[in-house]
1. Quick one: count up the residues across region 1-19 that are farther than 16 Å from GLN44 by Cβ, free of Cβ contacts under 8 Å to residues at least 12 places away in the same chain and of a type outside the set (D, E, K, R).
2. For region 1-27, how many residues are out of contact with any strand residue (DSSP E or B) (no Cβ under 9 Å at 6 or more places or on another chain) and open to solvent by 70 Å² or more (accessible area, probe 1.4 Å)?
3. Kindly indicate whether any position in region 8-28 is at pLDDT 90 or above and assigned to a helix (DSSP H, G or I).
4. Quick check on my filter: what residues within region 29-64 are at pLDDT 70 or above and among the hydroxyl-bearing types (Ser, Thr, Tyr)?
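The values are calculated or read from the model by the stated rules, or taken from the named source; none is laboratory data. Being a predicted model, the structure only gives us computed values, none of them experimental. All Cβ positions, glycine included, derive from the backbone under ideal geometry; neighbour counts span all protein chains shown. Note: accessible area is taken over every heavy atom of the protein model, side chains too, but ligands, DNA and RNA are not part of it. Shrake-Rupley method; radii C 1.70, N 1.55, O 1.52, S 1.80 Å.
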Amino acid sequence: MPNGFAYEVRGGAVVIRHHGRLATTLRAAAADRFLTEVERGDPQPGARAEKCRAAERLSARGRS
């Protein structure tokens, strides 16, 4: 994980913290993808998923 980030699994969710503060909570498929990336040794797990979510948010703003 990048410096300052930590995660823990709670039930079916993954809680991600940055310097001790809640950053996000992943559930369902997003949590599974994140944990798979961590197990594979990805140096920035979840980065691709977060970029996709950001693009979706920007796209949704354009449709309003």
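1. Summing the residues that are farther than 16 Å from GLN44 by Cβ, free of Cβ contacts under 8 Å to residues at least 12 places away in the same chain and of a type outside the set (D, E, K, R) in region 1-19 gives 2.
2. 3
3. Taking every residue of region 8-28 in turn, at least one turns out to be at pLDDT 90 or above and assigned to a helix (DSSP H, G or I).
4. THR36
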